[in-house]
Amino acid sequence: MGKGLFITFEGIDGCGKSTQFEMLKEYLLSKGEKFIVVREPGGTVIGEKIREILLSKKNDSMVPMTELFLFEAARAQITEEVIKPNIEKGISVLCDRFFDSTYAYQGYARKLGTDTTDMLNKLATGGLEPDITFLIDIPVSVALERRGKRGEADDRMEALGTSFQEEVRKGYLEAASKSSRIKVIDGNSTPDDVFEKVKEYYEALK
Ligand code: TYD
């Protein structure tokens, strides 16, 4: 039995990543593929508790280094408890965010250093890497407009504002420039058009 695929989605807040994630999920279901879906931070009982600490606006005194370690703690848990065992069993894993988020948000935008986040990412995952990563790229202004339309309250990370999101976007594009695993997809068009690209890359991978 072959291993399952490990597929991740990335992008700034409001980029349309979750819509694409759902579309790929439906597509895989229609093809009868064996897979599970998870999200980061979270995806395990322990990870969801860590998520609550990370995203609660009550925790506005959290220093960036604490934030980094909490994301990595949640990642270590989901990797060992959920991602690796499923892949080994031949079940693919679709993950909404993974370690490229840490590269872009903590390493680059929070300025903790991408060498540091590369090292901790490796430690938390035991070296496991996605087979493919879809980076849905859009201008920050478009993402903000979309988020405004959704009308949901910002979480602690989203509340960091426009210039922070600009940095996150740059961080993602820097990560993509270093790795052929990361496929940059222009998210500034209709969900169907964006999904055509996702589907093409997915089919090429199989
Ligand atoms: P979430 O509600 O899951 O965001 P989205 O729906 O946009 O994926 O919140 C996760 C937030 O945490 C998001 O702002 C990105 C941030 N994050 C990091 O800063 N570092 C990380 O390693 C991860 C996984 C997420």
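The values are calculated or read from the model by the stated rules, or taken from the named source; none is laboratory data. What you are looking at is a predicted structure, and each value in this text was computed from that prediction instead of being measured. Note: ideal-geometry Cβ built from the backbone for every residue, glycine included; neighbour counts use all protein chains shown. In case anyone asks, the SASA skips ligands and DNA or RNA and just uses the protein heavy atoms, side chains included. Shrake-Rupley method; radii C 1.70, N 1.55, O 1.52, S 1.80 Å.
Rolling a 1.4 Å sphere over the protein heavy atoms, what is the accessible area per residue of segment 62-171, to the nearest Å²?
Details: 4690 Å² over 110 residues.
Per-residue accessible area for segment 62-171 comes out at 43 Å².
For a quick check of your reading of the filter: which trypsin sites (Lys or Arg not before Pro) in segment 135-195 sit in a DSSP loop and have no more than 15 other Cβ atoms within 10 Å?
Values: sites: ARG146, ARG147, LYS149, ARG150, ARG156, ARG169, LYS170, LYS178, ARG181, LYS183; in loops: ARG156, ARG181.
Sites meeting the loop and neighbour criteria: ARG181.
Taking square-rooted eigenvalues a ≥ b ≥ c of the alpha carbon gyration tensor, is segment 1-90 rounded, prolate or oblate, where a/c under 1.5 means rounded and, failing that, a/b exceeding b/c means prolate? Don't jump to the answer; show the numbers that get you there.
Working: a/c = 2.87, a/b = 1.60, b/c = 1.79.
Judged from the Cα gyration tensor, segment 1-90 comes out oblate (a/c at least 1.5, b/c at or above a/b).
Residue by residue through segment 53-61, what is 3J(HN,Hα) from phi via Karplus (6.51 cos²θ - 1.76 cosθ + 1.60, θ = phi - 60°)? Round to whole Hz and write x for glycine and proline.
5, 5, 9, 5, 5, 5, 8, 6, 8
Considering the options GLY16, VAL45, GLY161, tell which one lies farthest towards the positive end of the dipole of the chain, charges being +1 on Lys and Arg and -1 on Asp and Glu at the Cβ, about the Cα centre.
Result: VAL45.
Two decimals, Cα atoms only, Kirkwood Rh: what is Rg/Rh over segment 155-203? It would help to have the intermediate numbers written out before the result.
On the way: Rg = 13.5 Å, Rh = 12.7 Å.
Using Cα coordinates only, the ratio equals 1.06.
Quick check: from the Cα gyration tensor, does segment 116-206 come out rounded (a/c under 1.5), prolate or oblate?
Details: a/c = 2.09, a/b = 1.17, b/c = 1.79.
Taking the square roots of the gyration eigenvalues as a ≥ b ≥ c, segment 116-206 is oblate.
From Cα pairs below 8 angstrom and at least 6 apart in sequence, can you work out the relative contact order of the chain, rounded to a whole percent? Spell out each step's value before the answer.
Working: 312 pairs, mean separation 68.1, N = 206.
Value for the chain: 33 percent.
For segment 6-205, what does the equivalent ellipsoid look like in terms of its semi-axes, each the square root of 5 times an eigenvalue of the Cα gyration tensor, given largest first in whole Å?
Working: eigenvalues 113, 90, 52 Å².
One finds semi-axes of 24, 21, 16 Å for segment 6-205.
Taking the Cα centre as origin and putting +1 on Lys and Arg beta-carbons and -1 on Asp and Glu beta-carbons, what dipole magnitude results for the chain, to the nearest 20 debye? Working shown, then result.
Details: 30 positive and 35 negative charges, 55 e Å.
Around 260 debye, computed over the chain.
If you roll a 1.4 Å probe over segment 6-205 with all protein chains in place, what percent of the accessible area is carbon or sulfur? Could the numbers behind the result be given before it?
Working: 4930 of 9330 Å².
Ligands and nucleic acids excluded, carbon and sulfur reach 53 percent.
What does the net charge come to around ASP192 if you take all other residues with beta carbon closer than 14 Å to its beta carbon, with K and R at +1 and D and E at -1?
Numbers: positive: LYS197, LYS199; negative: GLU22, GLU26, ASP186, ASP193, GLU196, GLU200.
Every neighbour counted, the sum reads -4.
Tell me, in nm to one decimal, what length is gained between SER56 and LYS31 on full extension, where the rule is 0.36 nm per residue of separation less the Cα-Cα distance? Don't jump to the answer; show the numbers that get you there.
Working: separation 25, 0.36 × 25 = 9.00 nm, distance 3.79 nm.
Taking 0.36 nm per residue and subtracting the Cα distance, the gain is 5.2 nm.
Using DSSP to define loop residues, name the GluC sites (Glu not before Pro) in segment 116-180 whose beta-carbon has at most 15 other beta-carbon atoms within 10 Å. Could the numbers behind the result be given before it?
On the way: sites: GLU145, GLU152, GLU158, GLU166, GLU167, GLU174; in loops: GLU152.
For GluC sites (Glu not before Pro) across segment 116-180 that sit outside H, G, I, E and B with at most 15 neighbouring Cβ atoms in 10 Å, the list reads GLU152.
Output the peptides 29-35, 186-192, 96-102 sorted from most to least packed, where packing is the average of other Cβ atoms within 10 Å over each peptide's residues.
Numbers: 29-35: 10.9, 186-192: 13.4, 96-102: 25.7.
In descending order of packing, they fall as 96-102, 186-192, 29-35.
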